[in-house]
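The values are calculated or read from the model by the stated rules, or taken from the named source; none is laboratory data. Since the model is a prediction, treat every value here as computed from it, not as a measurement. Heads up, the Cβs are rebuilt from the backbone with ideal geometry, glycines too, and the neighbour counts pull from every protein chain shown. Surface areas here come from the heavy atoms of the whole protein model, side chains and all, with no ligands, DNA or RNA. Shrake-Rupley method; radii C 1.70, N 1.55, O 1.52, S 1.80 Å.
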Amino acid sequence: MTEDINKSYVQRYVAQANSTDNEAVKNNCLYRAGTHMEVIECNGDDKLTPEQQQIVLDAAKRLEGIG
């Protein structure tokens, strides 16, 4: 992860992902957060696997306890 991460951006999208039952919305939010933190590839495919979702959530937690 780089030092240029906007923590409020990540926090906003992780919170949205955690507050929805809609899998498409959850994936899109986690994709945005994950690509911003550069922990998943930015390829336009927001259909994340459960493993990719967990990578993003784990990275967000490391980013000062977000998630």
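Number of residues in segment 49-58 that are farther than 16 Å from residue 16 by Cβ and part of a helix (DSSP H, G or I) equals 6. Which residues, counting only those in segment 13-31, are closer than 18 Å to residue 64 by Cα and in contact with an Asp or Glu (Cβ under 9 Å, 6 or more places away or on another chain)? Once the filter is applied, which keeps residues that are closer than 18 Å to residue 64 by Cα and in contact with an Asp or Glu (Cβ under 9 Å, 6 or more places away or on another chain), segment 13-31 yields only 30. Residue 60 meets the conditions (1) surrounded by 18 or more Cβ atoms within 10 Å (Cβ to Cβ); (2) more than 10 Å from the chain's Cα centre (by Cα) in every case but one. The failed one is (2).
The residues of segment 13-48 that are open to solvent by 60 Å² or more (accessible area, probe 1.4 Å), in a loop (DSSP other than H, G, I, E, B) and on the phi < 0 side of the Ramachandran plot, listed by number, are 19, 21, 22, 41, 42, 43, 45, 47. Return yes when residue 64 is out of contact with any His (no Cβ under 7 Å at 6 or more places or on another chain), of a type in the set (Asp, Glu) and touching a residue at least 40 places away in the same chain (Cβ under 8 Å) and no when it is not. Taking the combined requirement at face value, the residue satisfies it.
A count restricted to segment 32-57 and to residues that are under 10 Å from the mean Cα position of the chain (by Cα), more than 18 Å from residue 15 (Cβ to Cβ) and among the charged types (D, E, K, R) stands at 1.
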